[in-house]
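Visitor: Please see the structure below; I have some questions.
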Amino acid sequence: MTSSTYTGLLCTRFGHWSELALKQLPHQPLAPGQVRLRVRHAGVGFAVSLFVAGTYQRKPPLPFTPGTEAAGEVLEVAPDVTQLQPGQRVMAALDWGAFAEEAVIAADTVYPLPDAVPLAKAAALPITYGTTWAALQWRAALQAGETLLVHGAAGALGMAAVHIGRLMGAQVIATASTPEKRAAALALGAHHALAGDAETLAAAVKAVCPRGADVVFDPVGGALFDASLRCTAPEARILSIGYASGTIPSAPANLLLVKNLSVIGFNYGYYIGWGLTDERRRYAPKVQALVAKLLANVAEGRMALPQTQHFPLADWHAALDTTLSRRAIGKVIIDL
């Protein structure tokens, strides 16, 4: 007989992520447009601490299970869901709920996996790589032959930017905080790896690319954002993706004017239902086409599989700490 419960992490009140606890949770009913997923692997993102603290721009209803990226098999579909079938291997972008053996999610953000893409790696793709591909293509319009400067290049988003930037034909300059992380960025495919030091950044970038970077991919913010303004080419585009440094920067308008720079905010959540209004149905065809292209490039070997670090669900604390302390190289995955 199938158990009436499943194991998952539960947040019962907003606070510090270390206060989460493993619990036995009851199965949730399916609503129209939803899918029940057997989660095998879940990606750990930097924003998990914000969700649990209740400070993300979209606040989950309590109690809730964190986690926004998952891979596994479809267990059940609502009667109106026709594009997915039970038993299908998929990856998914969730509002929350991935850190559990089972999740009920909107079918619009569930994506079938090619046989060549392993489940354990797929959990790193739906939001991390979706964010990066969409930012570089939709917003920055990165072109072959341009120079892409990637901050935090050994982290999950930075790794994705290195992979996708190379695929798009860019020269990739990576920054990272330690020699180990810089070596990892080079192994991922970066052409150059520089110290993530705001004081030396401009000179270091100009030494390898005198004209400056055409596109900056910045999930770090803080002083690195400020330094990026001084090592860009004319008409460069700076993608503001996140603020792992803990400091939200601001751009002096005179520098934007003098160099014809564009600072572009990018929130992938807007396209997958995390905005002030839920726009996922409106953007589902566009997002699904992007994800299909991403998966085809991975499956056919044109882009490398993501580098991942794995932890069992019982070691969830170590998994989250590795990500949130910025020690991770690549993407941290919880195996269920």
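Visitor: Positive end of the dipole of the chain, charges at C-beta (+1 Lys, Arg; -1 Asp, Glu), about the Cα centre: which of 131, 39, 195 has its Cα farthest in that direction?
Guide: In the chain, that residue is 195.
Visitor: While we're on this one: State, as an integer percentage, the relative contact order of the stretch 139-202 based on alpha-carbon contacts under 8 Å between residues 6 or more apart.
Guide: It rounds to 31 percent for the stretch 139-202.
Visitor: Something else now. Out of the total accessible area of the chain (probe 1.4 Å, heavy atoms of protein only), what percent is carbon and sulfur?
Guide: With neighbouring chains kept in place, the figure for the chain is 54 percent.
Visitor: Which is farthest toward the positive dipole end of the chain among 224, 241, 96, measuring Cα position about the Cα centre, with Cβ charges +1 (Lys, Arg) and -1 (Asp, Glu)?
Guide: Toward the positive end, the furthest listed residue is 224.
Visitor: Taking the Cα centre as origin and putting +1 on Lys and Arg beta-carbons and -1 on Asp and Glu beta-carbons, what dipole magnitude results for the chain, to the nearest 20 debye?
Guide: That gives a dipole near 440 debye.
Visitor: As a test, work out the antiparallel percent of DSSP beta bridges whose residues both lie in the chain, rounded to the nearest 5.
Guide: 55
Visitor: Right, here's the next one. Which peptide among 155-164, 44-53 comes first, and what is the full order, when sorted by highest mean count of other Cβ atoms within 10 Å?
Guide: Most protected by this proxy first, the peptides run 155-164, 44-53.
Visitor: I've got another one for you. So, for the stretch 130-199, what is the accessible surface per residue at a probe of 1.4 Å, expressed in square angstrom? Write down the numbers at each step before the final one.
Guide: Working: 2340 Å² over 70 residues.
Spelled out: the 1.4 Å probe surface of the stretch 130-199, per residue, equals 33 Å².
Visitor: Okay, next question. On average, how much area does the Cα convex hull of the stretch 253-336 cover when viewed from any direction, in nm²?
Guide: That works out to 9.7 nm², a quarter of the Cα hull's surface.
Visitor: Tell me, what is the FRET efficiency for residue 55 and residue 282 to the nearest 0.05, using R0 = 22 angstrom and their Cβ-Cβ distance as r?
Guide: Rounded to the nearest 0.05, the efficiency is 0.25.
Visitor: In whole angstrom, how far apart do the alpha carbon centroids of the stretch 33-78 and the stretch 93-127 sit?
Guide: 9
Visitor: Quick one: how many lysine pairs does the chain have with C-alpha atoms less than 18 Å apart and a gap of 8 or more or different chains? Give me the count, please.
Guide: 4
Visitor: While we're here: Using a simple charge model, +1 on the beta-carbon of Lys and Arg, -1 on the beta-carbon of Asp and Glu, nothing else, what dipole does the stretch 133-261 show about its Cα centre, in debye to the nearest 20?
Guide: About 160 debye.
Visitor: To the nearest µm²/s, what D does Stokes-Einstein give for the chain at 4 °C and 1.567 mPa s, using the Kirkwood radius over alpha carbon pairs as Rh?
Guide: Result for D is 64 µm²/s.
Visitor: If you don't mind, there's one more thing I want to ask. If you count only protein heavy atoms with a 1.4 Å probe, what accessible area per residue comes out for the stretch 210-336, rounded to a whole Å²? Please list the in-between numbers first.
Guide: Values: 5640 Å² over 127 residues.
Counting only protein heavy atoms, the per-residue value for the stretch 210-336 is 44 Å².
Visitor: Quickly work out the residue 5-to-residue 199 label distance, labels modelled 7 Å from Cα along the C-beta direction, and quote it in nm with one decimal.
Guide: 5.5
The values are calculated or read from the model by the stated rules, or taken from the named source; none is laboratory data. Quick caveat, the model's predicted, so the values are computed rather than measured. Don't worry about glycine lacking a Cβ; one is built from the backbone with ideal geometry, like all the others, and counts go over all protein chains shown. SASA here: full protein model, heavy atoms, side chains in, ligands and nucleic acids out. Shrake-Rupley method; radii C 1.70, N 1.55, O 1.52, S 1.80 Å.
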